[in-house]
């Protein structure tokens with residue numbers, strides 16, 4: 001049976017968050033696709049004789065194991081599978097390539113597990129893989145925290161001395177973003193936070209780790225590395241390790257949003273349009289999206305609903321835009337006044353603060369700019385702009401020049417902490 005007549009893909013219950021298809025296509029498997037299954041469908045699906053190779057994700061990594069005729073030694077020891085192939089003998093062989101992926105993630109991040117105490121959040125299949133790999137990497141103590149059992153979320157303080165926290169739960173994953181399983185301030189000596197979630201790029205847990213200055217990494221590199229290992233098993237061919245680094249870098253850049261903030265009239269819309277043209281990405285202009293959704297102009301919204309009414313709409317629209325990936329997002333000048341806008345913008349985005357000479361800022365059509373003292377407004381908002389931004393960019397030349405400068409900076413610095 002040729003490749004095009006065999007099934008290759010990912011099975012899971014909800015796969016809207018997945019990046020697996022583009023990864024496997026990049027690795028040469030054009031037949032790879034997603035299969036969303038309900039629990040009662042798993043057995044029949046795995047009984048198909050046209051299976052070529054499958055990956056398995058939440059919540060079937062344990063369930064799938066019982067349908068495998070033969071398990072690799074690693075899969076047997078870990079107690080779950082995430083890669084399955086049907087070989088020429090007609091039998092299903094189960095493997096665990098997540099262990100390889102997690103080891104790659106640990107090496108890439110520079111977070112050292114040797115001699116460390118690890119707290120693993122969650123007790124499912126991914127947790128088993130992390131426990132196994134952490135011990136292989138030299139961890140001296142691995143504590144599993146679940147909703148019940150000896151170590152649970154109500155007594156985490158007994159493990160406040162943990163060095164590394166690893167989240168294997170789906171809490172905070174797209175589309176239910178903004179949630180974290182724990183408050184990292186519990187762990188006073190933490191030297192690393194690992195999040196297996198990769199969409200969004202920065203969960204609430206990782207954003208808190210950033211703010212606390214704790215080294216951290218999401219699960220994207222693990223996803224790419226385990227996919228490479230799975231493809232090698234599917235087709236019995238070796239893939240150079242350089243492909244893992246290439247795909248990780250490419251996917252990280254492809255999925256990251258470019259977010260523009262700054263004073264009213266600083267050029268966000270024009271630069272955003274130039275960036276959209278330069279990068280061939282979709283532009284999401286928050287003010288334009290509000291007008292489209294309400295059928296009203298921004299001045300009309302201010303006139304009839306006041307600033308509070310407008311800010312409520314803005315908050316809602318930013319939350320929606322923040323769920324997207326690989327976009328250009330331009331937000332109004334006052335969006336930074338509401339701290340609640342930070343996480344939606346940061347979770348999938350690199351935030352650029354556009355600076356422009358205040359004397360050049362236009363006032364027409366901008367309700368808060370009509371009689372505003374721009375110097376005072378700038379002084380009041382600057383702390384918030386500094387809080388939100390990753391990079392400050394001077395917008396002194398044409399929108400195209402500024403867009404080109406942002407695009408250069410973006411490509412040079414996304415993922416650069418792993419270089």
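The values are calculated or read from the model by the stated rules, or taken from the named source; none is laboratory data. These figures come from a predicted structure and were not determined experimentally. Heads up, the Cβs are rebuilt from the backbone with ideal geometry, glycines too, and the neighbour counts pull from every protein chain shown.
When residue 109 is tested against (1) in contact with a helix residue (DSSP H, G or I) (Cβ under 8 Å, 6 or more places away or on another chain); (2) outside the structural domain of residue 24 (by TED's automatic domain parsing); (3) farther than 20 Å from residue 195 by Cβ, exactly one condition is not met: (3).
If I filter region 326-343 down to residues being assigned to a loop (DSSP other than H, G, I, E, B) and at pLDDT 95 or above, which single residue comes out as nearest to the chain's Cα centre (by Cα)?
Initial filter on region 326-343 (assigned to a loop (DSSP other than H, G, I, E, B)): 326-327, 331-334, 338.
With the extra rule that they be at pLDDT 95 or above, the set shrinks to 326-327, 331, 338.
Numbers: 326: 11, 327: 14, 331: 21, 338: 23 Å.
That would be 326.
Within region 354-370, the residues that satisfy the criterion of being modelled with pLDDT of 85 or more and surrounded by fewer than 21 Cβ atoms within 10 Å (Cβ to Cβ) are 355, 356, 357.
If we keep just the residues of region 106-126 that are surrounded by fewer than 24 Cβ atoms within 10 Å (Cβ to Cβ) and in contact with a strand residue (DSSP E or B) (Cβ under 6 Å, 6 or more places away or on another chain), which is farthest from residue 170 (Cα to Cα)? In this case the residue turns out to be 116.
Among the residues of region 72-94, are any part of a helix (DSSP H, G or I), touching a residue at least 60 places away in the same chain (Cβ under 8 Å) and either under 18 Å from residue 12 (Cα atoms) or in contact with a strand residue (DSSP E or B) (Cβ under 9 Å, 6 or more places away or on another chain) (or both)? No - not one qualifying residue is present in region 72-94. The set of residues from region 253-299 being under 14 Å from residue 351 (Cα atoms) and surrounded by fewer than 17 Cβ atoms within 10 Å (Cβ to Cβ) comprises just one member, 253.
Would region 203-212 turn up any residue that is assigned to a loop (DSSP other than H, G, I, E, B), modelled with pLDDT of 95 or more and closer than 24 Å to residue 347 by Cβ? Checked against the condition, which is being assigned to a loop (DSSP other than H, G, I, E, B), modelled with pLDDT of 95 or more and closer than 24 Å to residue 347 by Cβ, region 203-212 yields at least one hit. Residue 189 satisfies every condition listed in (1) modelled with pLDDT under 95; (2) over 30 Å from residue 341 (Cβ atoms); (3) in contact with a helix residue (DSSP H, G or I) (Cβ under 7 Å, 6 or more places away or on another chain) except (3). Residues in region 142-169 that are buried (at least 20 other Cβ atoms within 10 Å of the Cβ) and in a loop (DSSP other than H, G, I, E, B): 162, 163, 168, 169. Being within 30 Å of residue 164 (Cβ to Cβ) and in contact with a helix residue (DSSP H, G or I) (Cβ under 6 Å, 6 or more places away or on another chain), is that true of even one residue in region 38-51? No: region 38-51 contains no residue that is within 30 Å of residue 164 (Cβ to Cβ) and in contact with a helix residue (DSSP H, G or I) (Cβ under 6 Å, 6 or more places away or on another chain).
Condition test on residue 21, is it part of a helix (DSSP H, G or I), modelled with pLDDT of 95 or more and surrounded by 17 or more Cβ atoms within 10 Å (Cβ to Cβ)?
Numbers: part of a helix (DSSP H, G or I): yes; modelled with pLDDT of 95 or more: yes; surrounded by 17 or more Cβ atoms within 10 Å (Cβ to Cβ): no.
Here the answer is no, as residue 21 does not meet what is asked.
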